[in-house]
Structures are given as structure tokens and as C-alpha cells.
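Below is one structure, written out as C-alpha cells; the observations come after it.
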Amino acid sequence: MKRYDLIIVGAGPSGLSAAIEAAKCGMSVAVFDENAKPGGQLFKQIHKFFGSKEHQAKIRGYKIGETLLSQADEAGVQVFLNATVAGIYLDKEVLVQLNGAMEHFKADTIIVATGAAENMVTFAGWTLPGVIGAGAAQTMMNLYGIQPGQRVLMLGSGNVGLVVSFQLMQAGCDVVALVDAAPRVGGYGVHAAKIARCGVPFYLSHTITRAEGSDCVTGVEIAQVDEHFTPIPGTEKQFDVDTICLAVGLSPMSQLLKMAGCEMVDDPRRGGQVPLVAENGETSIPGIFAAGDVSGIEEASSAMIGGRMSGLAAAAYLGFLSEQDKDHRLAELEVALESLHQGMFAPGSKGKAIAKTDEGIEVSQSLLKKGYLDDADLKRFIRSNKTELTNKKSGVHPVIECTQNIPCNPCQDACAKGCIKIGKTITALPQIDEDSICTGCGMCIASCSGQAIFLVDEDYEPGYASITLPYEFLPLPQKGEVGTALSRSGQPLSTAEIIDVRNAKAFDHTALVTMKVPADQAMTARFYKS
């Protein structure tokens, strides 16, 4: 029986982060993961992360995964793949199915970082082939390069549903609708906006009543629901689809912790059955810790910080780290974690209807109910720094359509001229510094994880404006190409000509596409369709 100072179950973002911190303290660390590849959900996440520099903002998830794997290898962490942990027993003995046999391992400390499983909902036909979870769709697309379907309906408007809907379109799928029984969008508005401007309609206060088809999904019926979430007769709508994608929440995979005898609690705010844990992740059993989604559903950025905290706490538990050093380092991580727990989407705000931003501005009801900003929102939120100059770029200025207090601030670091300011907190709304001069470099557009920044020049040429927008679809438009400008709601506005396409390495796969539109559409055109 092989012994380690620390055994970690799960090689996802929290597990790897914990392993790195513990190994750096001198611990012998083994990580077991049932999958063929380490990294957990990170390698399915091709979008750019939110947060700030310390949270690895504007870096794509799979890149963060690669960094964690490299750091774990350098620290001497031993990672076992295709290794299913079957149980945790007395004296921290771990039973693992490995290489076709059951093997026993022993540790002085254990961190369980098993993550979460997708929830499902039942409706007539829900067991038909073609009904899949959003995570499964991500796995098919981003790990194996397989389209989940051609025509897809998404159920769920949280961040998972919004992000995966966009990635489905990137994979060439047609997302016919986004449906949610809740009366408002559950995820970040910037995620919803980039879907809406592609022409995807939102059906809030609606649910799926049945999937159509005999051998597989051939269609779906939805209906409006009342305040009790009961379908209203006569409101049914049909869509021809071959795939129904479900993004209806996650449940912590806490079975191993329960099996080990950890005290558990049923906490809906944390996702269901979770262990009682201290701030550093220690459970009711000394030396056994929980990290990441298994102790409460959060974003991956929070899971990585939580993993680091558990790794340090485990090291201190065995004397590899002094209590003084532990407290100092945990305090720094607490500050980083707290910054992610501010604003409209803080854990304490779940389920609450927020009426105003932290700045006292009325929130956009159009964004919450339709997925896009309306004209009234523009007057309240949109600030620009249009400065008359004499050079060629005299009219170029950024327009920022980020209207919620979300934890994200890389845009202020991206602008070398200091055109964009966030404020004292990471969740403050970004603002334009009127005294700064925009050079039109586009780094703010590429740095924005929510694709909510545009460069506008109302005076591009007589009668026409130019709009530079983020573009993450293939094939890229070509200079001189003529297509259609779409509004924030995805409605066709006019003919648009592509006048520039930039795709520099520094933009990290976010192309900057500039289109020429009639001057009166400078503040309404927000997407281009070939």
C-alpha cells in the first residue's frame, strides 16, 4: 500500500490548484481522476475568464488548464488518470480502481475535489436520443470536435446555458431559441447580449412541455408558465430541432465525503448535499478537506482559489507550513475570493431581483427579459469619449455595453492610454475617461471577456460610420465583403461592408472586424452576418 502526505480526488481546477500549493510546501501529493485527461471542466471552456489579473481574467479556460498541469508537473505532483476512487475509509485509506484492479492507498490528509454533476428535468420524451446536458454538449464540441446537433434548443439561461449556446453557434449549430422558466435571464447580461445580437430569441417564463419524435428528437414544444411555473394552456409553441440541450443547474458530487463520515447539510444555495466546512475547506473530520464545486457551486475562478486555500490548510495541518505563514497566505486568498463575491451575482444575491446597480442606475429590464439593451438603457448607461482630433482616427471612441456589476476589470489594464476606468471595486461599472485619447488599437475589445466593448467612429466618411466589433466565428469575414448589419436584438438593419479585419496574436483568437454602416446606425448596429 503506497502512502502519500496528501491524496486529492479530482484533477479539475480546484484539485490541481490544491495539489500545486501543497506540493510547493514539500508534501508528497497524488491526484486521482476518473477521466482520461486531467483538467476537469477547464479544457471544455474555450471562452475567456472574468475577474482580474490574479483571477487569470481574459485567459481562456483551456489555457488556464494547461498552466495548472505544467505547474503541477513542475511541483512533483503525481497524477493518476482513468483512476476511479471507489471509497474513503477509516484512517484515510483510499480504494481506487486503477489499471483494471482495485488498489489501496493511504494518506495523512485528503482533499475531495470531485466537482459537480449536471441536473436534469423531466418532460414527455426527455429520454429520447438528442436530449443532452450542456456539459455533454461542451465535451462533444470542445474536446472531440463533434457537433451535438444541427438545430438546438437550449433550456436554461444561467451562465452555463448562455456560454454553451454561444459555443454551439461557434461550432456551426443553429440555436433556434433559449428557454427558461424563470422570468429573467439568470446569467451575465454580457453573455446574453452576444447571443441575442446573433438573432437567437429568448423565451423567458417558458418551459419545455414535450420532446417530439419516436426514435430520436425531431422537435420540441414549449409553453409559457404562470407564477407557479405551471404551463398555461394555449401558449404552446413548436420548434423543429434535433437536439434539446439542458442547462438547469449542477449538484455537488459529495458522495465520497458522506461515505467518509463527514457531517453533511442540505443547502440549496450551495447546490444540494454539501459538507459542513470551515473557511479553509476542512470538513468535520480532521485532515479531510473539500474544495471546489463539491462544497458549493461557484465559478471556476472561485474554485481555483478555494483549492489553493485547502492545499495550504492541508500543508499546515501536517506541519509543512507554519500557522503564521498559513494565516498570511490565506488572508491574501480571502481578499481575492471576496472580490469575486461582490456585485449583483454575489452568492448572497442568488434569487434576488436587483433593482439598481451599485452606482444607483436602474438595471436594464430589457436585458433581463429579452437579452439585449434597448434605447432607454443606452441613455442611462452608455458613455463615450468622442474627441475631435485632426488625425485619421479623430472620431474613434470606445462604447462599453457592460451594465451589470460583475467581477471583471481587464479592460482598464488593456488600454495603454487609460481611456477606461473601473473604479475601486472589481465589480464597478467601467467608465470612459473623457480626457484620454483613444488610438483605436482595439486591445480593450480583445480583453473584454463579455465581448461588450466596441469602437465607433460616427464620422468615418460622409454619411457612414464604422464599428469595430469582437468576432469569434469561422470563417472570418474578408475585407471588401458585403453582408448585413444586425441590431442588438439580432434584427437586420442594413447592408454593411467589411473595411478591416484584424487578428493579432495579442487578441487571443478574438478577431476585430470593422464594418461600415449608415451613420444613423452607429449606435444600433452591433453584429455582422455574411
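The values are calculated or read from the model by the stated rules, or taken from the named source; none is laboratory data. Fair warning: this is a prediction, and the values are worked out from it, not measured in the lab. Cβ: placed from backbone, ideal geometry, glycine included. Neighbour counts: every protein chain shown.
The table below gives the values:
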quantity: Test: residue in the stretch 141-154 that is closer than 29 Å to I354 by Cα and in a strand (DSSP E or B); calculated: yes
quantity: Residue match in the stretch 515-523 (condition: out of contact with any Pro (no Cβ under 6 Å at 6 or more places or on another chain), of a type in the set (D, E, K, R) and either surrounded by fewer than 18 Cβ atoms within 10 Å (Cβ to Cβ) or assigned to a strand (DSSP E or B) (or both)); calculated: yes
quantity: Hits in the stretch 6-18 - residues which are within 23 Å of the chain's Cα centre (by Cα) and either without any contact (Cβ under 8 Å) to a residue 24 or more places away in the chain or not in a loop (DSSP other than H, G, I, E, B) (or both); calculated: P13, S14, G15, L16, S17, A18
quantity: Matching residues, the stretch 155-168, being in contact with an Asp or Glu (Cβ under 9 Å, 6 or more places away or on another chain), assigned to a helix (DSSP H, G or I) and more than 19 Å from D240 (Cα to Cα); calculated: N159, V160, G161, F166
quantity: Odd one out for Q97, checked against (1) within 28 Å of G135 (Cβ to Cβ); (2) touching a residue at least 60 places away in the same chain (Cβ under 8 Å); (3) in contact with a strand residue (DSSP E or B) (Cβ under 8 Å, 6 or more places away or on another chain); calculated: (2)
quantity: Condition broken by S487, with the remaining ones in (1) in contact with a strand residue (DSSP E or B) (Cβ under 9 Å, 6 or more places away or on another chain); (2) farther than 24 Å from V190 by Cα satisfied; calculated: (2)
quantity: Candidates G281, G287, G272 - the one that is over 18 Å from the mean Cα position of the chain (by Cα), assigned by TED's automatic domain parsing to the domain that holds K48 and free of Cβ contacts under 8 Å to residues at least 40 places away in the same chain; calculated: G272
quantity: Only listed residue being among the small types (G, A, S) and part of a loop (DSSP other than H, G, I, E, B), chosen from A177, A193, A182, A223; calculated: A182
quantity: Hits in the stretch 127-140 (condition: aliphatic (A, V, I, L, M) and in a helix (DSSP H, G or I)); calculated: A134, A136, A137, M140
quantity: Of the criteria (1) under 23 Å from T403 (Cβ atoms); (2) crowded, with 20+ Cβ neighbours inside 10 Å, which one Q431 fails; calculated: (2)
quantity: Filtered residues of the stretch 264-285 (kept if touching a strand residue (DSSP E or B) at 6+ places or on another chain (Cβ under 7 Å), acidic (D, E) and surrounded by fewer than 21 Cβ atoms within 10 Å (Cβ to Cβ)); calculated: D266, D267
quantity: Residue in the stretch 494-508 that is of a type in the set (S, T, N, Q), in a loop (DSSP other than H, G, I, E, B) and buried (at least 17 other Cβ atoms within 10 Å of the Cβ) present; calculated: no
quantity: Residues within the stretch 324-349 that are touching a residue at least 24 places away in the same chain (Cβ under 8 Å) and not in a helix (DSSP H, G or I), tallied; calculated: 5
quantity: Positions within the stretch 466-514 being under 19 Å from M443 (Cβ atoms) and among the aliphatic types (A, V, I, L, M), in sequence order; calculated: I467, L469, L476, V501, A504, A506, A511, L512, V513
quantity: Residue identified as farther than 30 Å from Y62 by Cβ, touching a strand residue (DSSP E or B) at 6+ places or on another chain (Cβ under 7 Å), free of Cβ contacts under 8 Å to residues at least 12 places away in the same chain and surrounded by fewer than 18 Cβ atoms within 10 Å (Cβ to Cβ) among K379, K356, K352, K369; calculated: K356
quantity: Among (1) within 30 Å of T109 (Cα to Cα); (2) under 26 Å from the mean Cα position of the chain (by Cα), the one test that L204 misses; calculated: (1)
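Residue by residue, here is whether (1) among the basic types (K, R); (2) surrounded by fewer than 23 Cβ atoms within 10 Å (Cβ to Cβ); (3) farther than 21 Å from G51 by Cβ; (4) out of contact with any His (no Cβ under 9 Å at 6 or more places or on another chain) holds:
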position	(1), (2), (3), (4)
I406	no, no, no, yes
A414	no, yes, no, yes
I426	no, no, no, no
F473	no, yes, yes, yes
